[in-house]
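The values are calculated or read from the model by the stated rules, or taken from the named source; none is laboratory data. What you are looking at is a predicted structure, and each value in this text was computed from that prediction instead of being measured. So basically every Cβ, Gly included, is an ideal-geometry build from the backbone, and we count neighbours across all protein chains shown.
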Amino acid sequence: MGRNLTQRILADHLVEGELVPGQEIGIRIDHTLLQDATGTLALLEFEALGLPRVRTERSVQYVDHNLLQTDHKNADDHRFLQTACARYGLVFSRPGNGVSHQVHMERFGVPGATLLGADSHTPGAAGVSMFAVGAGGLDVALAMAGRPYFLPFPRVLGVRLTGRLPDWVSAKDVILELLRRRGVKGCLGLVVEYHGPGVESLSATDRETIGNMGTETGATTTVFPSDDHTRAYLEAQGRGGAWRPLAADQGAAYDEEDAIDLARIEPLIACPSSPGNVVPVREVAGIHVDQVLVGSSVNSSFRDLMVVAAIVAGRTTNPRVSVHINPGSRQVMENVMVHGGALNLLRAGVILNEAGCLGCIGMGQAPGTGQVSLRTMPRNFPGRSGTVGDQVFLCSPETAAAAALTGVITDPRDLGREMEYPRIRDPEHYLLDEGSLVVPPEDGSAVEIVRGPNIQPFPALDALPAELEATVALRVGDNISTDTILPGGNRVLPLRSNIPAISQFVFSQLVPDFPERCQSAGTAAVVGGENYGQGSSREHAALAPRFLAVRVKIAKSFARIHRANLLNFGVVPLTLADPTDYERLADGTRLVLPELRRRIEAGEEVIPLEVAGATVRTLLPLSPRERRSLLAGGALNAVREELTGRLEGL
């Protein structure tokens, strides 16, 4: 039986393990991607390994999150990033050049290559048929050091596409349809691979939209074949030589299967406050809208901005609505300008912002109290916008443009009574812009790394003790995101390189006294429900609690990236064997994990937890590599020990 495309790419990059579902494998990483909210810490981690240069084909550091310079912190960190890139051999993308996913696809994406990014929406590189995975910064730092990336060999969900999208329906509605069917944890442990005759109707940037937001299903990544659309996109970017055809073998099998008839999809919208809370737009039509945001991490391509420009051309946006455009890259905005879109947007009353994430991660553009915000972004977790009690809906550019004109949530098909649907074609040749990409020198050994006062050393992490006693500092519910564990926004994200300072914001949205609770406990535990740690890849949501002496987290289930980050920093991630035991673990409960170190060393997967005279069974399935990391107190300690051992053996 032939291999599907996921299996083919993984087989080409296999370094350790076997292609058996569920078994841990190590794959070679071709490209790495850092953004500034994760990159400062990741570069500090890489520096701690003592290597003179990155060992990948291509590593790029983008500045797209912390663009607001309200004091010295962001500007200082940007200079640290630029000088560290020159020293260690990374390309540096300057502030304002664009969002990592959009720029990497434009300037560096290669079909069939692997990309590991310290940003959970890295799978957007599916637009050019990369196997792109989001991970914590430490995993990316290790990949930059030439080490494999480890993950369980994934099961593959094959989604067969047929038909073509009707007018006023676009790629955003395709991924919203998958979220409507499967929710925010329906693809945990899966790679979503699209195939079938409907794929050929989707452009490269359509596929980027689907891959980017596919993260919200819990999927490891999204894969598309490389075909004539991929070639046309790369040729338009002046990089046609990077193209090669890629597809699943004839008769390839999938572990799970689904099918979507594109012709039957209607405009969809994710209601507050989850990307999985999807309904048809017509069901919520008429709700007053105060803010519309198009762009940032997703739906920020030439096509998406031009369709909005065409819809609002010759019209004026509703006076009660604040309408913003966040381009995906400087190059995108330049091409929109060349084709007349910028003038249409400006004359309609739209605000054009610099290329960056901005409102997607609460860095400005927060809605007012009680206001409704329609966004084409990938997430609407509670408070992520920067406003407590926010009412954020996620939708397509077409639906966003319709609301911008009418002032209420509107099925964009209703606009068809007044205008013809604008089908936008990508340029045959983009106006190219590489001026904001700083290539490192051949030899960076003489470059001095500039460190501002906000850049603190990576904290020391002690090894796992023989036995753990801990107090539950907090119990939370299902689908807790990393935004809830450690918020973003302009108060918190600038502290990304200062773990002592950023740790004071852990769980601040729920219990502002969480640091004090941990201090009183001595050693602390956190208890969660299903899908604990969904969302952003930010490893700070694991490292900052560890700094506060959280040594164990217990949940009904964990999101993939957060579980990996916990292990990377020596936090024990236990899963309840019986989910009803969750009720035993209230705030203030004292826990004992007897002989924990011995049990992990022995490879035991059932870990008994003593609670008020009773024993609760928890599960801790670990690969040998994960056991070494956890015992050492974290992956950085384990790798240091390994490198030291090699040197001593010489």
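Pairs linking a residue in the stretch 40-65 that is assigned by TED's automatic domain parsing to the domain that holds Ala635 to a residue that is surrounded by fewer than 19 Cβ atoms within 10 Å (Cβ to Cβ), with Cβ atoms under 7 Å and 6 or more positions apart or on different chains, do not occur.
Can you pull out the residues in the stretch 1-57 that are in a helix (DSSP H, G or I) and more than 16 Å from Ala135 (Cα to Cα)?
Residues of the stretch 1-57 in a helix (DSSP H, G or I): 5-13, 36-48.
If the condition is that a residue be in a helix (DSSP H, G or I) and more than 16 Å from Ala135 (Cα to Cα), then Leu5, Thr6, Gln7, Arg8, Ile9, Leu10, Ala11, Asp12, His13, Leu44, Glu47, Ala48 are the ones that fit.
Among the residues of the stretch 57-72, some residue qualifies, meaning at least one is surrounded by fewer than 22 Cβ atoms within 10 Å (Cβ to Cβ) and modelled with pLDDT of 95 or more.
The set of residues in the stretch 455-508 being modelled with pLDDT under 90 and in contact with an Asp or Glu (Cβ under 8 Å, 6 or more places away or on another chain) consists of Ile455, Phe458, Pro494, Arg496, Ser497.
Report the residue count in the stretch 447-479 for those that are over 30 Å from Asp581 (Cβ atoms) and in the same structural domain as Leu543 (by TED's automatic domain parsing). Of the residues in that region, 0 qualify. Figure legend. Inter-residue proximity from the stretch 241-255: first residues farther than 10 Å from Leu5 by Cα, second residues assigned to a loop (DSSP other than H, G, I, E, B) and β-branched (Val, Ile, Thr), beta-carbon distance below 7 Å, spacing 6+ or different chains. Indicated pairs: Ala242/Val110.
Here's a check for you: in the stretch 396-438, which residue that is of a type in the set (A, V, I, L, M) and assigned to a loop (DSSP other than H, G, I, E, B) is farthest from Ser201 (Cα to Cα)? Per the criteria, the residue is Ile409.
Could you list, in sequence order, all residues of the stretch 552-591 that are at pLDDT below 95 and of a type in the set (Val, Ile, Thr)? The one that is at pLDDT below 95 and of a type in the set (Val, Ile, Thr): Ile561.
Residue under question is Ala463, and the condition is that it be touching a residue at least 60 places away in the same chain (Cβ under 8 Å), of a type outside the set (Asp, Glu) and out of contact with any Lys or Arg (no Cβ under 7 Å at 6 or more places or on another chain); does it hold? Break it down stepwise before answering.
Working: touching a residue at least 60 places away in the same chain (Cβ under 8 Å): yes; of a type outside the set (Asp, Glu): yes; out of contact with any Lys or Arg (no Cβ under 7 Å at 6 or more places or on another chain): yes.
Answer is yes for this residue.
For every residue, the table says whether it meets (1) part of a loop (DSSP other than H, G, I, E, B); (2) under 27 Å from Gly134 (Cβ atoms); (3) of a type in the set (Asp, Glu).
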{"position": "Thr222", "(1), (2), (3)": "no, yes, no"}
{"position": "Glu257", "(1), (2), (3)": "no, yes, yes"}
{"position": "Ile269", "(1), (2), (3)": "no, yes, no"}
{"position": "Pro272", "(1), (2), (3)": "yes, yes, no"}
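Assessment of the stretch 405-419 against the conditions (within 22 Å of the chain's Cα centre (by Cα), among the small types (Gly, Ala, Ser) and surrounded by fewer than 24 Cβ atoms within 10 Å (Cβ to Cβ)) yields no matching residue.
Among residues of the stretch 327-349 being part of a loop (DSSP other than H, G, I, E, B) and in contact with a helix residue (DSSP H, G or I) (Cβ under 7 Å, 6 or more places away or on another chain), the one that is farthest from Ala313 (Cα to Cα) is Gly328. If the condition is being within 23 Å of Asp12 (Cβ to Cβ), out of contact with any His (no Cβ under 7 Å at 6 or more places or on another chain) and outside any loop (DSSP other than H, G, I, E, B), then the stretch 142-167 contributes Leu142, Ala143, Met144, Tyr149, Phe150, Leu151, Pro152, Arg155, Val156, Leu157, Val159. Scanning the stretch 302-333 for residues that are out of contact with any Pro (no Cβ under 9 Å at 6 or more places or on another chain) and under 17 Å from Gly96 (Cα atoms) turns up His324, Ile325, Asn326, Pro327, Gly328, Ser329, Arg330, Gln331, Val332. The residues listed here are Leu567, Leu636; of these, the one that is under 24 Å from the mean Cα position of the chain (by Cα), under 27 Å from Arg379 (Cα atoms) and in a helix (DSSP H, G or I) is Leu567.
Looking at Gly356, Gly389, which is the one that is in a loop (DSSP other than H, G, I, E, B) and surrounded by fewer than 20 Cβ atoms within 10 Å (Cβ to Cβ)?
On the way: Gly356 fails: surrounded by fewer than 20 Cβ atoms within 10 Å (Cβ to Cβ).
Result of the check over Gly356, Gly389: Gly389.
Counting the residues of the stretch 519-540 that are of a type outside the set (S, T, N, Q) and either in contact with a Gly (Cβ under 7 Å, 6 or more places away or on another chain) or in the same structural domain as Val140 (by TED's automatic domain parsing) (or both) gives 2.
Mind checking whether some residue in the stretch 181-192 is among the small types (Gly, Ala, Ser), over 23 Å from Asn479 (Cα atoms) and surrounded by fewer than 21 Cβ atoms within 10 Å (Cβ to Cβ)? Looking through the stretch 181-192, none of the residues is among the small types (Gly, Ala, Ser), over 23 Å from Asn479 (Cα atoms) and surrounded by fewer than 21 Cβ atoms within 10 Å (Cβ to Cβ). Restricting the first member to the stretch 324-347 and to residues that are over 14 Å from Pro397 (Cβ atoms), and the second to residues that are aromatic (Phe, Trp, Tyr) and surrounded by fewer than 21 Cβ atoms within 10 Å (Cβ to Cβ), the beta-carbon pairs closer than 8 Å and six or more apart or on different chains are Gln331/Tyr430; Asn335/Tyr430. Looking at the stretch 612-630, is at least one residue in contact with a Pro (Cβ under 8 Å, 6 or more places away or on another chain), surrounded by 14 or more Cβ atoms within 10 Å (Cβ to Cβ), outside the structural domain of Leu188 (by TED's automatic domain parsing) and not in a strand (DSSP E or B)? Checked against the condition, which is being in contact with a Pro (Cβ under 8 Å, 6 or more places away or on another chain), surrounded by 14 or more Cβ atoms within 10 Å (Cβ to Cβ), outside the structural domain of Leu188 (by TED's automatic domain parsing) and not in a strand (DSSP E or B), the stretch 612-630 yields at least one hit. Scanning the stretch 168-202 for residues that are part of a helix (DSSP H, G or I), acidic (Asp, Glu) and within 21 Å of the chain's Cα centre (by Cα) yields Asp173, Glu177. Return the residue satisfying two criteria in turn: it lies in the stretch 231-245 and is more than 25 Å from the chain's Cα centre (by Cα) and in a loop (DSSP other than H, G, I, E, B), and of such residues it is nearest to Phe108 (Cα to Cα). Among those that are more than 25 Å from the chain's Cα centre (by Cα) and in a loop (DSSP other than H, G, I, E, B), it is Arg239.
Residue-wise test of (1) under 22 Å from Phe505 (Cβ atoms); (2) touching a residue at least 40 places away in the same chain (Cβ under 8 Å); (3) in contact with a strand residue (DSSP E or B) (Cβ under 6 Å, 6 or more places away or on another chain); (4) of a type outside the set (Ser, Thr, Tyr).
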{"position": "Ala549", "(1), (2), (3), (4)": "yes, no, yes, yes"}
{"position": "Asn565", "(1), (2), (3), (4)": "yes, yes, no, yes"}
{"position": "Arg584", "(1), (2), (3), (4)": "no, no, yes, yes"}
{"position": "Pro594", "(1), (2), (3), (4)": "no, yes, no, yes"}
{"position": "Glu604", "(1), (2), (3), (4)": "no, no, no, yes"}
{"position": "Val616", "(1), (2), (3), (4)": "no, yes, yes, yes"}
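The requirement of being charged (D, E, K, R), in contact with an Asp or Glu (Cβ under 7 Å, 6 or more places away or on another chain) and not assigned by TED's automatic domain parsing to the domain that holds Gly528 is fulfilled somewhere in the stretch 429-446, by at least one residue. Among the conditions (1) hydrophobic (A, V, I, L, M, F, W, C); (2) closer than 30 Å to Leu202 by Cα; (3) surrounded by 24 or more Cβ atoms within 10 Å (Cβ to Cβ), Val140 misses just one, which is (2).
Tally the residues that are assigned to a loop (DSSP other than H, G, I, E, B) and either surrounded by 15 or more Cβ atoms within 10 Å (Cβ to Cβ) or of a type in the set (D, E, K, R) (or both), restricting the search to the stretch 579-611. So that I can check it myself, show each step before the final result.
Let us first name the residues in the stretch 579-611 that are assigned to a loop (DSSP other than H, G, I, E, B), namely 585-589, 594-595, 602-605.
Next, only the ones that are either surrounded by 15 or more Cβ atoms within 10 Å (Cβ to Cβ) or of a type in the set (D, E, K, R) (or both) stay: 585, 587, 589, 594-595, 604-605.
Within the stretch 579-611, residues that are assigned to a loop (DSSP other than H, G, I, E, B) and either surrounded by 15 or more Cβ atoms within 10 Å (Cβ to Cβ) or of a type in the set (D, E, K, R) (or both) number 7.
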